[in-house]
Amino acid sequence: MDLGLRGRVAIVAAASRGLGRAIAQELAQEGAQLVICARGQEPLDAARGEIAASTGAAVHAVAADLSTREGIDRVVSSAQFAFGHVDILVTNAGGPPAGPFESHDWDAWQRAVDLTLRSAVELTRAVLPGMRSRKWGRIINVTSITVKQPVDNLILSNSIRAAVTGFARTLANEVATDGITVNNILPGYTRTERVEQLAQANAKKEGVAPAEILARFEREIPMHRLGEPKEFAALAAFLASERASYITAQSIAVDGGWIKGLV
Ligand code: NAD
C-alpha cells in the first residue's frame, strides 16, 4: 500500500529511543523528511544517524526539553528552517513519574502537566496555522491505554492524558474542514525503557523483583507478550498517511487486547 508519505515533513517529538524513535524510523522508511528531538544530544544524534543511514531520509535532530517554551520553539523553528513547513506532528514525551497520590506534590503535577499536556498543546499551536493554510495536516498524540482504563500507581499519567484526549477530541472538530486529522495512539505495555522503569517502580513498591512485575504485565495481556515499538509505529505511519484521510478524533490502542472495554 502506498501511504503517500513521500516528501511529507514530520516532527516526531521525543524520538531518541522507544516509541518516538520507532515512529520516526517508520515515517522515514515511507519517504517522509523528519525533525526529531529529545533532551540529550548524544543519543539523539545516534538515532538521527541510524535512521538517516537505514532509510536515506533527511533527518534533523534538535536537542530540546519539550516541557519548556524555549524547547518547543527550537523544535518548530528548526523544522521551518530545514523544510519550510510541517505536515505531520507526532506529540510525545517521556512518561510522568509513577507513584500514588501522596507521593506527588503540586510541583510534580505541574512538571507532568508541562511535559505531557503543554508540550502537545504548544507544539500543535505552533504548526496548526501552516497546516490550515495548506489544507492538509496530521496531528498524532502518543497517549496511553490509561485513558481508557486507568493503571494503578500512575495517577499523573491517568489524569493528565485525559486532558490531552479532551484537547485532541475538541480540536479535531475545529480543524476537520481544513483537511487536518487529529488522533491519539494508546500504547499498551511495549518493550521500551519506560516499561522497564514502570516495572522497577512497582517492584520497589511491592518488594518483589522487576522480572516478576514484567511477567504479571504479560499475563494481563491477552497476547501474553509485550508489544514491540515497531508494531506501535505501524499505526502511526498509517494515521499520518494520505490513506487515513477520513479517520479523525479517534483514540486507538495498540495493546495486544489489554483494554477490557467493549469499544
Ligand atoms: P522511553 O522512556 O523509552 O522514551 C522516552 C523518550 O522521550 C526518549 O527519547 C527521551 O529522551 C524523551 N524525553 C523524555 N523527556 C523529555 C523532555 N522533557 N523533552 C524531550 N524529550 C524527552 O518511553 P516510551 O516507551 O517511548 O514512551 C513514550 C510515551 O508513551 C511516554 O509518555 C510513555 O509514558 C507512554 N507510554 C509508554 C508505554 C510503554 O509501555 N512503553 C505504555 C503507555 C504509555
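Against the definition (within 19 Å of the chain's Cα centre (by Cα), under 16 Å from VAL35 (Cα atoms) and modelled with pLDDT of 95 or more), how does ILE139 come out, yes or no?
Yes, satisfied.
Pick from the stretch 200-236 the residues that are touching a Phe, Trp or Tyr at 6+ places or on another chain (Cβ under 7 Å) and assigned to a helix (DSSP H, G or I): which of them is farthest from ILE259 (Cα to Cα)?
Only one residue tops the list, namely PHE217.
The rows are residues; the columns are (1) within 13 Å of the ligand (Cβ to nearest atom); (2) surrounded by 17 or more Cβ atoms within 10 Å (Cβ to Cβ); (3) basic (Lys, Arg); (4) in a helix (DSSP H, G or I).
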| position | (1), (2), (3), (4) |
| --- | --- |
| GLN25 | yes, yes, no, yes |
| ALA28 | no, yes, no, yes |
| ILE36 | yes, yes, no, no |
| GLU42 | yes, no, no, yes |
| GLY49 | no, no, no, yes |
| ALA57 | no, yes, no, no |
| ILE72 | yes, yes, no, yes |
| SER78 | no, yes, no, yes |
| PHE81 | no, no, no, yes |
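Rundown of residues vs (1) within 14 Å of the ligand (Cβ to nearest atom); (2) at negative phi; (3) touching a helix residue (DSSP H, G or I) at 6+ places or on another chain (Cβ under 6 Å); (4) of a type outside the set (S, T, N, Q), yes/no style:
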residue	(1), (2), (3), (4)
GLU122	yes, yes, yes, yes
PRO129	no, yes, no, yes
ILE140	yes, yes, yes, yes
GLN149	yes, yes, no, no
SER159	yes, yes, no, no
VAL164	yes, yes, yes, yes
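Tell me which of these ASN173 doesn't satisfy, since it passes every other one: (1) closer than 30 Å to ASP105 by Cβ; (2) surrounded by fewer than 17 Cβ atoms within 10 Å (Cβ to Cβ); (3) polar (S, T, N, Q).
So the condition that ASN173 fails would be (1).
Scan the stretch 1-25 residue by residue and report those that are charged (D, E, K, R) and either under 10 Å from the mean Cα position of the chain (by Cα) or more than 17 Å from ARG243 (Cβ to Cβ) (or both).
Selection gives ARG17, ARG21.
Conditions tested, residue by residue: (1) over 19 Å from the mean Cα position of the chain (by Cα); (2) polar (S, T, N, Q); (3) within 13 Å of the ligand (Cβ to nearest atom).
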{"residue": "LEU156", "(1), (2), (3)": "no, no, yes"}
{"residue": "THR170", "(1), (2), (3)": "no, yes, no"}
{"residue": "GLN200", "(1), (2), (3)": "yes, yes, yes"}
{"residue": "LYS205", "(1), (2), (3)": "yes, no, no"}
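The conditions are (1) more than 26 Å from GLU70 (Cβ to Cβ); (2) surrounded by 16 or more Cβ atoms within 10 Å (Cβ to Cβ); (3) modelled with pLDDT of 95 or more; (4) out of contact with any Phe, Trp or Tyr (no Cβ under 8 Å at 6 or more places or on another chain), and GLU102 fails exactly one of them. Which is it?
(2)
Which of the residues that make up the stretch 221-258 are acidic (Asp, Glu) and either surrounded by fewer than 21 Cβ atoms within 10 Å (Cβ to Cβ) or modelled with pLDDT under 95 (or both)?
Hits for the stretch 221-258 are GLU228, GLU231, GLU242.
The values are calculated or read from the model by the stated rules, or taken from the named source; none is laboratory data. No experiment lies behind these values; they were computed from the predicted model shown. Virtual Cβ from ideal backbone geometry, glycine too; neighbours counted across all protein chains shown.
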